[in-house]
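To start, the structure itself, in structure tokens.
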Amino acid sequence: MASMTYVFSQDQHGHLVPYIAALHASCITLDHMVGPFLPPLTNEKLLPWWKERIAETISGARVIVLLLPEASLGKKPQGPDLRGLAMLRLSETETGSFRGHVDAVLVDRRHRRQHGAKSLVAALEYEAAKRGRSLLTDSVAEMAFKKFGYTEIGKVPHFSRALPNGMKGETFFYKEFRPSSP
């Protein structure tokens, strides 16, 4: 079954927050993704953090795009339908009102290699342009973002704590494009 992207809506997708947190935990635990948390992960850590991200979507400071089955169109998706998500933080400063930062691109292991990450990033770029953003930055997925036309800025060694008891470097990217006309 084909996947489609949907902009997160509290009414339509709010019930998926525990599944979103579980997907995030899976990517951190199984893929050793660097994120805001180190294992062991608990709902007490993840759910409040995700509820804050959802509140930011409501205030307009963030966009979350979900990857769901095409059949979800027009109906509330179920938790197991969640295939992935991507998150864009919008700069709230006057001097940075043209910028956004890709905070996460998460795809469930069972749905990888099906162009889900590409669809999620394209949807974020579209949503960013709709909101007048012409520059996106990222430090999420090095190999993927090179394929998606992002330019490498540079690498920072020892950027994040990583398990086991180590540090991990981070590569930063950007992409410029035209915002949509209002």
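A few points about this structure:
- Summed over the range 9-18, the residues that are free of Cβ contacts under 8 Å to residues at least 60 places away in the same chain and closer than 9 Å to residue 66 by Cβ give a count of 0.
- In the range 145-164, the qualifying residues are those that are aliphatic (A, V, I, L, M) and open to solvent by 30 Å² or more (accessible area, probe 1.4 Å), and the one that is nearest to residue 176 (Cα to Cα) is 153.
- Total residues in the range 63-116, condition aliphatic (A, V, I, L, M) and touching a Gly at 6+ places or on another chain (Cβ under 7 Å): 5
- Residues in the range 130-144 that are surrounded by 14 or more Cβ atoms within 10 Å (Cβ to Cβ) and either within 18 Å of residue 105 (Cα to Cα) or under 16 Å from the mean Cα position of the chain (by Cα) (or both): 135, 136, 137, 138, 139, 140, 141, 142, 144.
- Those residues of the range 32-72 which are at pLDDT below 85 and under 15 Å from the mean Cα position of the chain (by Cα), in sequence order: 33, 34, 35, 36
- All of (1) part of a strand (DSSP E or B); (2) open to solvent by less than 50 Å² (accessible area, probe 1.4 Å) hold for residue 168 with one exception: (2).
- If only residues of the range 40-54 that are open to solvent by less than 50 Å² (accessible area, probe 1.4 Å) and hydrophobic (A, V, I, L, M, F, W, C) are counted, the one that is farthest from residue 160 (Cα to Cα) is 54.
- Restricting attention to the range 73-91 and to residues that are over 21 Å from residue 30 (Cβ atoms) and touching a Ser or Thr at 6+ places or on another chain (Cβ under 9 Å), the residue that is least open to solvent (accessible area, probe 1.4 Å) turns out to be 90.
- Residue match in the range 17-39 (condition: within 18 Å of residue 131 (Cα to Cα) and open to solvent by 50 Å² or more (accessible area, probe 1.4 Å)): no
The values are calculated or read from the model by the stated rules, or taken from the named source; none is laboratory data. Nothing here was measured: the structure is a model prediction, and the numbers come from that model. Cβ: placed from backbone, ideal geometry, glycine included. Neighbour counts: every protein chain shown. What goes into the accessible areas is simple: the full protein's heavy atoms, side chains included, and nothing from ligands, DNA or RNA. Shrake-Rupley method; radii C 1.70, N 1.55, O 1.52, S 1.80 Å.
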